[in-house]
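Here the structure is laid out as structure tokens; the discussion comes afterwards.
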Amino acid sequence: MEGNSSAQAGPDIGGGRTHPWGAPAIVIAVVVVALLALPGFGAYYLLHGGLDVFYCLLALFFSINLLICYWEMCLFFRRDYIEERAEFWRRRREDTGKTPAVEFLTTSVPLNRVLSPTVWADVWGTYSMYDSAYADRNTYGFNIDIANGFTTPASTLILYVTYTGGLLPAVAAGILGAMLFWQWVYASSLYVVSFFVGQKQTRITTREFWIYIFNPNAIWVLMPMLGMYVSIRLILDRDYSVLGI
């Protein structure tokens, strides 16, 4: 099928070819997060004889962020294509009445394309229905997400491993965590503020605002706030007792 020839043709996830093996995009995303989080849970349990709530929450958050970082790299490398897909999804919504985000997430992705930046660029093509910033490389939202995608994977992995097995001294881990988590709190809060300053909430429904704007960004504020608390405790306590170690 041709990706942009007709809205009725559907999203071109398969690259113009059918493939016998595939899974919905949302299933692939969940599996990736599980594959990133479960080894940490298992290693923590083996090393410390149990699981800690704060550790599990932060390990899960780190795993989600690593997936999001890949998507944000796709945002950078496929920025021209995303601008085209934003228009495709806009026409498709008008013609079919379907919700672009839901349609993309439930569309089967061929397993030979699970790492394709072109496939995952549609994350941003559909999200641009609710915030046009992601189809415009001159905006704050576009650039802050690219920055997160390229600058936080290394520190995320370091903290993930450190929280699991005490790779760094507690004070060093606390300092690194305080810097990283504060960045997320500030950047995500400012994004929501910029959304209101730009009056973008008037262009979408209240339901769309809560589902696609507020709730995802609330995670990137609340979880880093928990991380800030853990980081401060690591510095003050000089040990990993706050993480159950």
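The values are calculated or read from the model by the stated rules, or taken from the named source; none is laboratory data. The structure displayed is predicted, hence computed values, not measured ones. Cβ atoms come from the backbone with ideal geometry, glycine included; neighbour counts cover every protein chain shown. Please note that ligands, DNA and RNA were not included when accessible areas were found on the heavy atoms of the full protein model with its side chains. Shrake-Rupley method; radii C 1.70, N 1.55, O 1.52, S 1.80 Å.
Here are the numbers for the structure shown:
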| item | result |
| --- | --- |
| Residue within the range 88-110 that is over 19 Å from the mean Cα position of the chain (by Cα), surrounded by fewer than 17 Cβ atoms within 10 Å (Cβ to Cβ) and of a type in the set (Gly, Ala, Ser) present | yes |
| Residues satisfying the stated conditions in the range 123-144, i.e. of a type in the set (D, E, K, R) and modelled with pLDDT of 95 or more | none |
| Conditions (1) aromatic (Phe, Trp, Tyr); (2) under 19 Å from Cys69 (Cβ atoms); (3) open to solvent by less than 10 Å² (accessible area, probe 1.4 Å); number of the one not met by Trp124 | (3) |
| Residue match in the range 6-25 (condition: under 28 Å from Met129 (Cα atoms), among the acidic types (Asp, Glu), surrounded by fewer than 19 Cβ atoms within 10 Å (Cβ to Cβ) and modelled with pLDDT under 95) | no |
| Single condition Arg78 does not satisfy, out of (1) crowded, with 18+ Cβ neighbours inside 10 Å; (2) over 19 Å from the mean Cα position of the chain (by Cα) | (2) |
| Residues of the range 111-121 satisfying the condition of being part of a loop (DSSP other than H, G, I, E, B) and surrounded by 18 or more Cβ atoms within 10 Å (Cβ to Cβ) | Ala121 |
| Condition broken by Glu87, with the remaining ones in (1) modelled with pLDDT under 95; (2) over 17 Å from Arg203 (Cα atoms) satisfied | (2) |
| Number of positions in the range 184-209 that are modelled with pLDDT of 95 or more and open to solvent by 80 Å² or more (accessible area, probe 1.4 Å) | 1 |
| Within the range 151-183, considering residues that are open to solvent by 80 Å² or more (accessible area, probe 1.4 Å) and not in a helix (DSSP H, G or I), the one nearest to Ile235 (Cα to Cα) | Pro169 |
| Within the range 28-41, considering residues that are open to solvent by 30 Å² or more (accessible area, probe 1.4 Å) and either assigned to a loop (DSSP other than H, G, I, E, B) or out of contact with any strand residue (DSSP E or B) (no Cβ under 9 Å at 6 or more places or on another chain) (or both), the one farthest from Tyr160 (Cα to Cα) | Val30 |
| Residue check, Asn148 open to solvent by 30 Å² or more (accessible area, probe 1.4 Å) and assigned to a helix (DSSP H, G or I) | no |
| Every residue from the range 162-185 that is out of contact with any Pro (no Cβ under 9 Å at 6 or more places or on another chain) and either of a type in the set (Asp, Glu) or under 16 Å from Asn148 (Cα atoms) (or both) | Leu176, Gly177, Ala178, Met179 |
